[in-house]
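What follows is calculated from the coordinates using simple rules that are stated; it is not laboratory data. On a predicted model such as this, the values are computed, not experimentally measured, just so you know. As a convention, Cβ positions derive from the backbone with ideal geometry for all residues, glycine included, and neighbour counts pool all protein chains shown.
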Amino acid sequence: MNPDAIRGHLDGMLLAVLEEGPLHGYGIIEALYRRSGAALDLPTGTVYPALRRLERAGWIDGSWSTVGGRRRRTYTLSRAGRRELAGRRSEWIRFSGVVGSVLGGVT
């Protein structure tokens, strides 16, 4: 998938993945890959900066833990993040409907 196609939608997709429950960074990448039918194979250099941005915005909360001797940060969706996700979903439904109307062909 063209990386430009997800520009502007990555934050919403990350919030949606975290709606299922807490995940560490690599788990988020795996969930995006799985939920997209393997269409989204995003590099850590794309996902981790976005997670830090979402945390600064207050939409996710992160906490450090040690598993198997390795430190990792686990993220959860905050209350503000749930509100943001609801707004982004509504916006996506409107947007995808408009684009579908235009690209769907002549009626």
Given a Förster distance of 30 Å, the FRET efficiency implied by the Cβ-Cβ spacing of ARG71 and ALA5, rounded to the nearest 0.05, works out to 0.35
Computed over the Cα atoms of segment 1-89, the Rg and Dmax in Å are 12.6, 39
What helix-only [θ] at 222 nm does the chain give? Using -39500 (n - 2.57) per DSSP H run of at least 4, over all residues, to the nearest 500, the answer is -18000 deg cm²/dmol
Ranked output for segments 83-89, 69-75 by mean other Cβ atoms within 10 Å, highest leading, reads 83-89, 69-75
Expected unfolding gain across SER63-TYR33 under the 0.36 nm per residue rule, minus the alpha-carbon gap, is 8.5 nm
